[in-house]
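Below is one structure, written out as C-alpha cells; comments come after it.
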Amino acid sequence: MCGIVAYIGHREACPIILKGLRRLEYRGYDSAGVALLNGALNVYKKKGKVNDLEAFIAEKDTHAHIGMGHTRWATHGEPNDSNAHPHYSTSERIAIIHNGIIENYAALKTHLQKQGHVFQSDTDTEVFVNLIEEIQKQNSCSLEEAVRLALHEVVGAYAIVVLSKDDPGQLIAARKGSPLVIGVGKDEFFLASDATPIIEYTNEVVYVNDYEIAVIRDGKLDIRTKEDVQQTPYIQKLEMELDSIEKGGYEHFMLKEIFEQPRSILDSMRGRLELEAGHLNMGGIRAYERKFVNAERIIIVACGTSWHAGLVAEYLIEDLARIPVEVEYASEFRYRNPIITERDIVLAISQSGETADTLAAIELAKSKGATIFGICNVVGSSIARATDAGAYTHAGPEIGVASTKAFTAQVTVLTLLAMIVGHKRGTLTDSKLRELMVELSNIPAKVEKALLLNTEIEQISEIFRDVPNFLYLGRGYNFPVALEGALKLKEISYIHAEGYPAAEMKHGPIALIDENMPVVVIATKDSSYEKVVSNIQEVKARKGRIIAVVTEGDTVIPPMAEFVIEVPATSEVLMPLVSVIPLQLLSYHIAVLRGCNVDQPRNLAKSVTVE
Ligand code: M6R
C-alpha cells in the first residue's frame, strides 16, 4: 500500500508533491507527509488526508527544489502523526519514505536500539532509515553505499526514497516488490508509485526493476543493481491522457468509471475483435496458442473483484473451450502446496498488477514450471512484467477504490480468450463464434442502455439506504455477479452483504430471510431462469424484499418482486457484462446517500501490495 512521490529539479517541489499525493490517495489515505531538502531537511506530517497535511503546512516554509511525500495505508502502527511518513533517522540527518513491509524489522530494531538509535514510531520504516544511518556511520561510506548495503539486510518489500541533509543535491530511490516509476523531464525528475503524478510534466518514464537503486544528482540518473552493476535506464513513452485521471464533471471517480464502461469495454476489444474481417486476435497468446490449445487445466489466481472476473472465466472457458478451470484466491493458493505441472496454464488477473498475493502466487506457479498468462490493467505493472505473456485490459486508469470498469474489461478480455481458444480447439463452431462476436460487439451499446437505469436505481437506493443487511443471489454466469454486487455494497456503504448461488440459499442463508431482508436476485433469461424463479418464490414465501434484475420484457418475475430492474437481453455467456451495471449503481447510490466516502472507503486501499 501507500503512495510515494518525489521531485528533484528546478521547480518548487512541494506543490508537485502535494498534487501527486492527491492522485495517489487511492493507495492509502490515513496519514500523509512531506520532507523538503533546502539546506535544512524538514519533515511535516499529519494524520488524515492530503488536505489535512496541506492545511498543516500552510504557514510553514516549504520552499525547496528537492522533496518527497507519502500517503499511508497503515500496516505497522496505527494511523497517527508519528507513524506517518517521512521518517527521520535518529540524528534527523536522513529521511525516508517507504511503500512496502520490512519483515525482519523487529530483529533489526533490537540491534539498532543497542547501538543507541531511538525510535519515535511503531513503524518498520523507521528501522530502515536508522539501519542506513548506522551502516553509514560504521563504514564511513557514502549515502548511496549505505542504502545499497542496507538493502542486503532487509527482508520484505519496498519502494523507498531517501534524502540526506549531508547530500543536499541528491535523491536516492530503490525498489523490490513495490512499484516505482521515474519520470524523466528536462533537468528534472519525478518519482512516484505510478505514473499519475508524473503524466502532466513528462511522458518519458523509467520503470525501476526489483533490486535496483536509482541515484539522481546533477541532473543525471544513475541506476545500479544491488550488486553495484550499472544499468542503462530504459526510457518508455507513456500513453496515458491527463483527462483520464481527473473526475471530468462527475461527483466521484467511481461514478465516472461506471459511466465509462461502454467506452472501456470497447477499448478492451479494440484490435482484438474484428467483426467485418471475422477475426479475433490477441497478440499476447499468439506465441502460446499451442500451449492453450493443449492445456490440460487452467488455474486462475486473483483477489477481490478480479477473482470474481476469474469465476466468470471459469464458466466461459469450460463452456466454450472445454478446458477444466480452477479459480483460486491467490492468498490461499500461495500457502498451500498446490499441484501444478508444466502442462498447466496459470492465468493471473489483476487491475493494478501490483497485488502482493497474486504476485506471490505467480512466482510459486513459475517455480513449478507452469506457463503464466497475465491479465492486467496497469501497463508496466509488476504482474505484467512477471508473467510469460498476457493481455492488457486497456480500461484506462481506475482511481475509485471500488473496482467497476476494470471488472467488465477483465471479463471482456477473458471472453475473447475463451472464444479464441475454443475456436482453435474446435469446441466452438464457426457459426457459434460468429454469433458471439456479433453479440459481444453489441455489448457497449447494451451497457449504455443499462446505465439509463441510473435515476431509477437512485430512487430504489433511497428506500434501502438504512438497512443493515443485503443478500445477493444469482446462478450460473450470474453467480459471480451476485458476489461482485455484494462486495461492491459492503466495501463502500459498510452494509453487510452476502452473495450466494441462488440454489444454495436453502442450505442456510434462507434462515436470514424475513420482511426486513432485501434480496437482490439476478434473474435474467438464461438456462437456469426457471430455477431462479423458484428461488424467488422461496424468498417471497418468507416475506423477503425482492429487488429483481430481469431481462427486458420479462412478465413472470415483476408480480413477485417489490422492485424490478430491466436490463437488455444478451447471450447467457455475456450477461455478466450487463447485469453487473445496476449492482454497481445500487452500491454507489446507497453509499452516497449514507454519506460514505465512495472513492476512498475506510480501511481499504486501491492496490494491496502487502500480504
Ligand atoms: O488490483 P487487483 O485487481 O489485483 O486488486 C484485487 C482486489 O484488491 C480488488 O479487486 C478489491 O477487491 C477491490 N476493492 C474491489 O472493488
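The values are calculated or read from the model by the stated rules, or taken from the named source; none is laboratory data. Please read these numbers as outputs of a predicted model, since none were measured by experiment. Counting neighbours? That spans all protein chains shown, and the Cβs are built from the backbone with ideal geometry, glycine included. Note: accessible area is taken over every heavy atom of the protein model, side chains too, but ligands, DNA and RNA are not part of it. Shrake-Rupley method; radii C 1.70, N 1.55, O 1.52, S 1.80 Å.
Computed quantities for the displayed model
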{"item": "Cβ pairs under 6 Å, 6+ apart, first in the range 319-334 and part of a helix (DSSP H, G or I), second among the basic types (Lys, Arg)", "result": "321/425"}
{"item": "Failed criterion for residue 338 (all others in (1) open to solvent by 40 Å² or more (accessible area, probe 1.4 Å); (2) modelled with pLDDT under 95 hold)", "result": "(1)"}
{"item": "Yes/no for residue 384 being open to solvent by 10 Å² or more (accessible area, probe 1.4 Å), free of Cβ contacts under 8 Å to residues at least 60 places away in the same chain and either assigned to a helix (DSSP H, G or I) or among the hydroxyl-bearing types (Ser, Thr, Tyr) (or both)", "result": "yes"}
{"item": "Any hit, the range 339-352, residues being in a loop (DSSP other than H, G, I, E, B) and within 16 Å of the ligand (Cβ to nearest atom)", "result": "yes"}
{"item": "Long-range neighbours under 8 Å by Cβ, at least six apart or interchain, first residue farther than 22 Å from residue 263 by Cα within the range 430-448, second in a helix (DSSP H, G or I)", "result": "430/423; 433/419; 433/422; 433/423"}
{"item": "Test: residue in the range 554-574 that is under 24 Å from residue 304 (Cβ atoms) and assigned to a helix (DSSP H, G or I)", "result": "yes"}
{"item": "Verdict on residue 584 being within 16 Å of the ligand (Cβ to nearest atom), open to solvent by 10 Å² or more (accessible area, probe 1.4 Å) and either in a helix (DSSP H, G or I) or among the polar types (S, T, N, Q) (or both)", "result": "no"}
{"item": "Sole exception among (1) open to solvent by 10 Å² or more (accessible area, probe 1.4 Å); (2) touching a Gly at 6+ places or on another chain (Cβ under 7 Å) for residue 498, by number", "result": "(2)"}
{"item": "Candidate set: the range 353-378, residues that are more than 18 Å from residue 159 (Cα to Cα) and assigned to a loop (DSSP other than H, G, I, E, B); chosen: the one farthest from the ligand (Cβ to nearest atom)", "result": "369"}
{"item": "Helices (runs of 4 or more DSSP H) enclosed by the range 395-506 - at least 3 residues per element that are within 16 Å of the ligand (Cβ to nearest atom) and in contact with a strand residue (DSSP E or B) (Cβ under 9 Å, 6 or more places away or on another chain)", "result": "405-425, 478-493"}
{"item": "Number of the condition not met by residue 430 [criteria: (1) open to solvent by 30 Å² or more (accessible area, probe 1.4 Å); (2) within 32 Å of the chain's Cα centre (by Cα)]", "result": "(2)"}
{"item": "Top-ranked residue in the range 281-299 [being among the aliphatic types (A, V, I, L, M) and in a helix (DSSP H, G or I); ranked as nearest to the chain's Cα centre (by Cα)]", "result": "285"}
{"item": "Residue list for the range 388-421, filter: more than 29 Å from residue 252 (Cα to Cα) and either open to solvent by 20 Å² or more (accessible area, probe 1.4 Å) or under 16 Å from the mean Cα position of the chain (by Cα) (or both)", "result": "388, 390"}
{"item": "Within the range 26-45, tally of residues that are modelled with pLDDT of 95 or more and basic (Lys, Arg)", "result": "1"}
{"item": "The range 114-144, subset of a type in the set (D, E, K, R) and out of contact with any helix residue (DSSP H, G or I) (no Cβ under 7 Å at 6 or more places or on another chain), residue modelled with the lowest pLDDT", "result": "122"}
{"item": "Among the candidates 252, 279, residue that is within 16 Å of the ligand (Cβ to nearest atom), over 25 Å from residue 159 (Cα atoms), out of contact with any Cys (no Cβ under 8 Å at 6 or more places or on another chain) and open to solvent by 20 Å² or more (accessible area, probe 1.4 Å)", "result": "252"}
{"item": "Cross-chain or 6+ apart pairs with Cβ under 7 Å, the range 577-598 first and of a type in the set (Phe, Trp, Tyr), then assigned to a helix (DSSP H, G or I) and surrounded by fewer than 23 Cβ atoms within 10 Å (Cβ to Cβ)", "result": "588/255"}
{"item": "Residue that is touching a residue at least 40 places away in the same chain (Cβ under 8 Å) and either closer than 29 Å to residue 197 by Cβ or open to solvent by 30 Å² or more (accessible area, probe 1.4 Å) (or both), where the choices are 270, 290", "result": "270"}
